[in-house]
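One structure is given below, encoded as structure tokens.
The values are calculated or read from the model by the stated rules, or taken from the named source; none is laboratory data. Note that the coordinates shown come from a computational prediction; the quantities given were computed from them, not determined experimentally. In this analysis, Cβ positions are derived from the backbone assuming ideal geometry, glycine residues included, and neighbour counts consider all displayed protein chains. We work out accessible area using only protein heavy atoms, side chains counted, and drop any ligands, DNA or RNA first. Shrake-Rupley method; radii C 1.70, N 1.55, O 1.52, S 1.80 Å.
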Amino acid sequence: MSWQNTYQTWVEYPKLDPELKAELVAIKDQPEKQEEAFYAPLEFGTAGMRGVIGAGINCMNIYTVRQATEGLARFMDTLDEKTKQQGVAISFDSRHHSEDFAHEAARVLGAHQIPSFVFESLRPTPELSFTVRHLKTYAGIMITASHNPKQYNGYKIYGPDGGQMPPKESDLITKYVRQAADLFAIEVADEQQLKAAGLMKIIGNDVDQAYLAELDQITINHKLVAKEGKTLKLIFTPLHGTGAMLGEKALRQAGFTNFTMVKEQAVADPEFSTVVHPNPEFPEAFDLAIKLGKKEDADLLIAVDPDADRLGVAVRQPNGEYQLLTGNQIAALMLNYILKARKAAQRLPENAAAVKSIVSSEFATAIAQHYQVKMINVLTGFKFIAEQIKNFQATGSHTFMFGFEESYGYLIRPFVRDKDAIQSLVMLAEVAADYKSRGMNLYDGLQELFKKYGFFAEKTTPITFDGIDGPEKIANLMNKFRQEAPTDFAGQKVVATADFQSSQKKLADGTITAIDLPKSNVLKYYLADGSWIAVRPSGTEPKIKFYIGTQANKQAEAFAKREAFETALNKFAEQ
């Protein structure tokens with residue numbers, strides 16, 4: 001069916017949600033907007049789906065949410081009855097329609113006689129991951145668009161281990177999603193009847209308390225926190241999202257009482273009225289925290305994104321200004337402290353291991369090697385870190401110490417199987433307390449690590465390709481990198497090229513070795529000076545990302561290399 005016919009079908013559907021009907025009527029004379037909304041279904045992949053909220057098969061609305069859930073339900077119908085009856089945990093963030101989408105998902109599951117456990121109000125993504133494990137449900141659904149602007153929402157599916165659904169099961173769910181092509185024919189049950197039948201249970205405080213009890217195990221040096229936790233001055237902002245309640249409770253429970261929340265951003269607000277991008281990677285997300293930090297002379301500022309799975313930090317400088325740290329730098333500081341503190345407490349296992357993505361810094365690798373801890377590299381996506389944890393526990397091969405991605409996502413302890421900004425909030429406060437006890441702050445600590453391990457400088461540059469032809473442009477650019485095979489960047493020879501799609505690493509002399517990772521559309525170039533460059537399309541947004549990692553004896557040299565490589569990358573992409 002053409003997009004024109006699909007548009008007309010939606011307009012003429014007599015039971016169409018009134019709000020969506022009004023949107024479609026408003027664009028009746030705007031074919032370009034109609035095409036954007038109906039040219040193709042919203043992509044459903046291994047990371048679920050994410051899109052602009054609105055009418056159409058290419059948007060987030062109750063009908064596309066029903067379709068996604070129908071795919072999950074049909075897959076669960078193929079399982080044995082006992083497994084199916086484990087049910088699905090459902091949580092949601094502060095975005096427009098998040099609660100509506102969560103309840104629509106429960107209604108679809110209920111029509112298949114699948115129990116759901118729905119949070120009474122918004123909760124963080126990591127708590128949803130925990131809940132799947134805690135309640136032993138078969139799956140979890142998180143309604144969130146993470147750190148995207150207010151126009152977006154999304155839908156993520158989690159598997160029995162609390163990690164995002166593995167590729168094999170995810171592919172089967174995607175198949176069933178596409179089979180449910182008639183969005184208006186998907187059956188939904190009555191919510192009150194589901195509750196009466198015990199097929200829709202509302203959960204809340206009991207799970208919160210269980211999660212907080214696990215969080216109490218994050219702290220390594222209780223004496224240190226007891227001493228410094230009352231004086232360490234911290235500003236915390238949840239950026240209008242889910243992190244406010246649990247973040248505050250977690251800090252107080254750990255012993256950090258001298259903190260202030262950014263009042264304006266402690267309110268759950270789907271408009272994200274004080275920020276354009278509720279993303280702790282962006283400096284402007286810290287504007288209000290910086291203003292409050294200067295007023296209160298705070299040691300550090302911590303922000304978590306709306307679903308509380310990512311965390312960013314800014315540290316006070318001698319001149320009173322605040323310096324933002326990168327995700328890689330935050331990870332290095334936390335990993336160094338975890339390994340140092342555990343070693344001092346004689347709690348560092350001989351088989352300790354950390355896990356990071358292939359596009360994250362080697363800074364953390366150098367730290368791990370110093371402590372004789374294995375660093376394992378996995379594909380981008382925290383589900384691959386979760387898979388490693390599952391394997392560690394099944395085989396006893398390693399003990400998990402820490403996992404991270406450069407995109408501001410970290411995991412300290414594996415009672416959650418996704419990145420967890422609440423855990424990270426507590427741990428980073430302890431790291432800051434450790435440096436404070438030595439008359440230093442996190443920035444001073446970072447410089448100390450640089451002096452010990454060398455200067456590392458990384459940068460991630462996303463290029464957005466919006467519109468209908470966006471995917472084609474991204475595919476063409478990836479093909480260009482493969483077909484033209486760069487041999488150098490800014491004068492630095494490429495000594496090896498790893499193509500994770502073909503699972504081959506090719507050296508400059510032509511030698512080829514196999515890559516023992518799942519196939520993925522990623523290219524990584526290893527340069528003669530030890531630097532590296534990676535190129536990969538985003539799995540959730542219409543972007544291609546360039547990753548650069550450099551190392552040098554001096555900071556200025558590392559930065560200069562990074563900028564030269566970025567210029568070379570952009571030039572190659574534009575040719």
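Things worth noting here:
- Over 28 Å (Cα to Cα) - which of LYS175/LYS519; LYS473/LYS554; LYS156/LYS295; LYS28/LYS175 fall in this group: LYS473/LYS554; LYS156/LYS295; LYS28/LYS175
- For the peptides 269-277, 283-291, residues were scored by their other Cβ atoms within 10 Å and the scores averaged per peptide; the highest-first order is 283-291, 269-277.
- Fraction of beta bridges assigned by DSSP in the chain that are antiparallel (%, nearest 5): 65 percent
- For the stretch 21-29, backbone phi angles converted through the Karplus equation (6.51, -1.76, 1.60; θ = phi - 60°) give residue-by-residue couplings of 4, 5, 4, 5, 5, 5, 10, 4, 10 Hz, Gly and Pro being listed as x.
- Computed magnitude of the charge dipole of the chain (debye, nearest 20; Cβ of K, R +1, Cβ of D, E -1): 1880 debye
- Descending semi-axes in Å of the stretch 7-140, equivalent ellipsoid built from Cα gyration tensor: 30, 16, 13
- Over all pairs of different C-alpha atoms in the stretch 434-567, the reciprocal of the mean inverse distance, the Kirkwood hydrodynamic radius, equals 16.7 Å.
- Principal axis extents of the Cα atoms in the chain, from largest to smallest and rounded to whole angstrom, are 68, 56, 49.
- From the alpha carbon centroid of the stretch 297-339 to that of the stretch 236-282 is 14 Å.
- Gyration tensor (alpha-carbon) shape descriptor, the stretch 321-411, a/c threshold 1.5: oblate
- Charge dipole (the chain, unit charges on Cβ, about Cα centre) - positive-most of PRO238, GLY403, PHE384: GLY403
- Computed over protein heavy atoms with a 1.4 Å probe, the accessible surface of the chain works out to 40 Å² per residue.
- Computed lengthening from LYS451 to HIS222, 0.36 nm per intervening residue step minus Cα-Cα distance: 79.6 nm
- Sorted largest first by accessible area at a 1.4 angstrom probe radius, with every protein chain in place, the residues SER170, SER437 fall in the order SER437, SER170.
- The stretch 165-312: antiparallel DSSP beta bridges as a percent of all, rounded to 5: 20 percent
- Computed [θ] at 222 nm, deg cm²/dmol, the chain (DSSP H ≥ 4; -39,500 (n - 2.57); rounded to nearest 500): -12500 deg cm²/dmol
- The stretch 367-519, relative contact order [Cα under 8 Å, separation at least 6], %: 11 percent
- Ordered from largest to smallest accessible area (heavy atoms of protein chains, 1.4 Å probe), the residues THR46, THR131 come out as THR46, THR131.
- Sequence-separation-based contact order of the stretch 82-155, relative, with Cα cut under 8 Å and 6+ spacing, percent: 42 percent
- Solvent-accessible surface of protein heavy atoms, probed at 1.4 angstrom with all chains present, puts LYS195, LYS294 in the order LYS294, LYS195, largest first.
- Carbon + sulfur, % of accessible area of the stretch 252-353 - ligands and nucleic acids excluded, 1.4 Å: 49 percent
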